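Here the structure comes first, spelled out in structure tokens, and everything after it is commentary.
The values are calculated or read from the model by the stated rules, or taken from the named source; none is laboratory data. These figures come from a predicted structure and were not determined experimentally. Positions of Cβ are backbone-derived with ideal geometry, glycine not excepted, and every protein chain shown enters the neighbour counts.
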């Protein structure tokens, strides 16, 4: 039999890696009114009122609470903006970010 000169080609598939995710954490303080925290969570993180109340109470009793998970840039932007809004109102409320495990 004669060879036809055909070779097999391997196909390389390139997959885009998912961006690393970061958690936004609400840190409790003893000065910011609970109602303000709930309002801020609703407006900046678009969480329903019941969920915002749970997040606020969890941070109040445990010292901090996970608010949401985003890509790094969005998490930092939202945490910074929410902290700045609180500071502009005279409250020491703090939102931080950390990499998701």
Note on residue 20: of the conditions (1) in contact with a helix residue (DSSP H, G or I) (Cβ under 7 Å, 6 or more places away or on another chain); (2) loosely packed, with under 13 Cβ neighbours inside 10 Å; (3) without any contact (Cβ under 8 Å) to a residue 24 or more places away in the chain, unmet is (3)
Selection over the stretch 23-43 where residues are without any contact (Cβ under 8 Å) to a residue 40 or more places away in the chain, in a loop (DSSP other than H, G, I, E, B) and crowded, with 17+ Cβ neighbours inside 10 Å yields a count of 1
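Can you find, within the stretch 80-101, the residue that is surrounded by the fewest Cβ atoms within 10 Å (Cβ to Cβ) among those that are in a helix (DSSP H, G or I) and either without any contact (Cβ under 8 Å) to a residue 12 or more places away in the chain or touching a helix residue (DSSP H, G or I) at 6+ places or on another chain (Cβ under 9 Å) (or both)?
88
With respect to residue 46, is the statement that it is in contact with a helix residue (DSSP H, G or I) (Cβ under 8 Å, 6 or more places away or on another chain), surrounded by fewer than 17 Cβ atoms within 10 Å (Cβ to Cβ) and within 22 Å of residue 88 (Cβ to Cβ) true? Give the steps one after another, and end with the answer.
Working: in contact with a helix residue (DSSP H, G or I) (Cβ under 8 Å, 6 or more places away or on another chain): no; surrounded by fewer than 17 Cβ atoms within 10 Å (Cβ to Cβ): yes; within 22 Å of residue 88 (Cβ to Cβ): yes.
Answer is no for this residue.
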| query | Looking at residue 68, is it more than 14 Å from the chain's Cα centre (by Cα) and either at pLDDT 95 or above or part of a loop (DSSP other than H, G, I, E, B) (or both)? | reply | no
